[in-house]
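See below for the structure under consideration.
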Amino acid sequence: MIKFLDLKKINERYREEINSRIKNVLDSGWYILGNECKVFEENFAKFIGAKHCIGCANGLDALNLIIRGFGFKQGDEIIVPANTYIASILAISENGCTPVLVEPDIETYNINPDLIEEKITDKTKAIMVVHLYGQAVQMQKIKEIAKRHNLKIIEDSAQAHGSIYNGVKCGSLGDASGFSFYPGKNLGALGDGGCITTDDDELAKKIRAIANYGSDYKYHHIYKGINSRLDEIQAAILDVKLKYLEKDNNRRREISKYFRENIKNPAIVLPKTYDELAHVWHIFAVRVQDRCKFQNYLEENEIQTNIHYPTPPHKQGAYKEWRNFNLPVTEKIHNEIISLPMSPVLEDNEVEKIVEVVNGYN
Ligand SMILES: *Cc1c(COP(=O)(O)O)cnc(C)c1O
């Protein structure tokens with residue numbers, strides 16, 4: 001069976017380095033907000049090209065902390081793509097703000113910039129872009145809209161560690177960005193983790209305080225904060241894996257290119273990119289009319305797949321009030337999308353087999 005994502009194999013490559021860094025943490029006697037976190041934050045900020053990186057507990061918290069950091073509250077509206085992973089939307093609701101759903105572009109699966117402006121009201125405070133499946137959103141028009149209406153741009157970069165738009169990495173394209181280090185992401189911890197990147201000094205300081213019980217220094221609390229921190233052990237592991245991220249992303253790009261050049265089946269709609277550097281192929285999603293049949297066929301041929309995502313947020317029980325929304329592009333994507341195996345540890349013969357099997361589908 002070709003696994004959808006072999007996490008053990010991914011991490012196995014760094015076993016010795018990871019073990020030795022974990023041992024350092026164990027020996028240090030310091031497990032929260034210490035040197036490992038500081039070093040990783042510096043290295044990740046440098047990688048992204050951002051002034052600040054603030055570690056936190058997970059990707060959802062990263063987005064939540066950004067919204068809290070900006071001080072958005074009850075009644076404020078934040079524009080967000082309708083086909084995102086639900087975490088982007090939960091972060092908005094969690095703060096009492098109103099998520100305003102915008103349809104994606106069927107070519108890129110990212111938010112359709114031409115549909116944003118009609119959704120802006122006097123309550124709109126920000127646009128949250130999501131670099132879905134690992135492809136950087138084309139920011140030009142969105143930046144112009146944000147500027148014209150005085151809106152903040154929040155990036156959900158949870159799937160886009162290393163994607164580049166016009167020479168600038170995701171995480172440095174807006175006012176602040178949230179990353180996830182969930183084990184399955186392109187840069188994944190051995191547990192939960194996340195961070196915020198920003199160039200804004202004030203915001204960085206505020207977010208750092210909110211994430212640590214609202215405390216700017218010990219036992220001095222200026223915000224009603226939360227506890228959301230990146231463990232020393234996870235930071236140490238991430239710091240090891242960060243060194244290999246570019247290499248891993250390039251292997252994903254190579255596999256994606258092979259898929260796109262060699263899968264030739266009229267029943268399959270392949271993903272496209274406007275620039276090979278813009279995509280880090282966190283997910284290689286194709287579209288097919290009879291998804292269930294296609295998925296069973298692949299399963300019978302020993303290829304594991306996944307669906308990102310089977311049900312859009314507006315059809316989830318959590319957002320019952322949205323169930324009658326008319327979002328045909330979002331629904332079409334959710335009905336047809338299916339993700340082929342994609343990871344830096346796929347072997348050439350596995351990649352070839354996937355192509356062969358997909359081409360044999362009818
Ligand atoms: C994974 C993910 C998140 C949430 O990250 P967690 O670390 O799991 O909380 C948010 N947004 C998107 C697009 C994601 O893929």
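Across the range 160-179, what is the number of residues that are within 16 Å of the ligand (Cβ to nearest atom) and open to solvent by 10 Å² or more (accessible area, probe 1.4 Å)?
Residues meeting the conditions: 1.
Report the residue count in the range 33-50 for those that are buried (at least 16 other Cβ atoms within 10 Å of the Cβ), in contact with an Asp or Glu (Cβ under 7 Å, 6 or more places away or on another chain) and either closer than 21 Å to Lys23 by Cβ or among the basic types (Lys, Arg) (or both).
Qualifying residue count, the range 33-50: 5.
Working only within the range 258-289, note down all residues that are more than 23 Å from the chain's Cα centre (by Cα) and loosely packed, with under 12 Cβ neighbours inside 10 Å.
Across the range 258-289, the qualifying residues are Glu261, Lys264, Pro266, Gln289.
What number goes with the only condition from (1) crowded, with 18+ Cβ neighbours inside 10 Å; (2) farther than 22 Å from Gly49 by Cα; (3) more than 16 Å from the ligand (Cβ to nearest atom) that Lys218 does not pass?
Exception for Lys218: condition (1).
Could you tell me whether any residue of the range 147-155 is under 16 Å from Leu60 (Cα atoms), surrounded by fewer than 18 Cβ atoms within 10 Å (Cβ to Cβ), at pLDDT 95 or above and under 14 Å from the mean Cα position of the chain (by Cα)?
No, the range 147-155 has no match at all.
Sort out which residues of the range 100-114 are within 16 Å of the ligand (Cβ to nearest atom) and in contact (Cβ under 8 Å) with a residue 40 or more places away in the chain, and write them in order of number.
Once the filter is applied, which keeps residues that are within 16 Å of the ligand (Cβ to nearest atom) and in contact (Cβ under 8 Å) with a residue 40 or more places away in the chain, the range 100-114 yields Leu101, Pro104, Thr108, Tyr109.
Scan Ala87, Ala62 and give me the residue that is open to solvent by less than 10 Å² (accessible area, probe 1.4 Å) and within 16 Å of the ligand (Cβ to nearest atom).
Selected residue: Ala62, the only one of Ala87, Ala62 that is open to solvent by less than 10 Å² (accessible area, probe 1.4 Å) and within 16 Å of the ligand (Cβ to nearest atom).
Which pairs do you get when a residue that is modelled with pLDDT under 95 and open to solvent by 10 Å² or more (accessible area, probe 1.4 Å), found in the range 189-212, comes within reach of a residue that is assigned to a strand (DSSP E or B) and of a type in the set (A, V, I, L, M, F, W, C), reach meaning Cβ atoms under 8 angstrom, with the pair 6+ apart or on two chains?
none
The values are calculated or read from the model by the stated rules, or taken from the named source; none is laboratory data. Computed from a predicted model, the values in this text were never measured in an experiment. Using ideal geometry, Cβ is built from the backbone for each residue, glycine included, and neighbour counts are taken over all protein chains shown. These accessible areas exclude ligands, DNA and RNA; they are computed on the full protein's heavy atoms, side chains included. Shrake-Rupley method; radii C 1.70, N 1.55, O 1.52, S 1.80 Å.
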